[in-house]
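The values are calculated or read from the model by the stated rules, or taken from the named source; none is laboratory data. Owing to the predicted nature of the structure, the values given are computational and were not obtained by experimental measurement. As a convention, Cβ positions derive from the backbone with ideal geometry for all residues, glycine included, and neighbour counts pool all protein chains shown.
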């Protein structure tokens, strides 16, 4: 056997082994790609990963999610906030489940970077009371927002106004509290008033009351100042009147006697 035959007999199995390892790396995510407490499974039809982090006692969104994630389940955890651009690198994400967590508010950039691909967003059973007016503005996904203690105000009215394609979701928003007392416990879409103008009128009224208060204080001070000066002037006049008259000089008295 020549040296060439010997080298080929050993290199071909090595090449096949290396090729197998590469294929395995492409077909199955490595442990380092999958966040701790999550399970990652490749979807053969959508050519991406299904990442399941349900019931993992997570208190925040994992920072190192695989970039080819197409389905992300974060439900039944203790996540309290969705930071801006938390999913920015997930350009293939189609479904995001954040239900049964402790999220209280949503900022303007909470879903930045996934507006074009996201198809389903589940935010039900959280503690959301308020959202930025543009939190859902660029999303085309079906949004599920049931069972949240919403505070119905101007920002929420603007946010829901940007959900024209999610009328069903908007109809499920119930006002736990509201700028209008008679709207508490009612569907938000039943609110007929423009809460943004209501807030503006409330601000204008507060400014008017403040200005009136300052004006009343100034008038009161002026009246007090005038009365105080009048009282001082009266006392000074009474003091002058109480002074004894000036006695005549002896020379003046002698002159008067001589004349007489």
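Of the residues in segment 38-57, at least one is modelled with pLDDT under 90 and at positive phi.
Residue check: residue 227 meets all listed conditions (1) in contact with a helix residue (DSSP H, G or I) (Cβ under 8 Å, 6 or more places away or on another chain); (2) at pLDDT 70 or above; (3) not assigned by TED's automatic domain parsing to the domain that holds residue 153 but one, namely (1).
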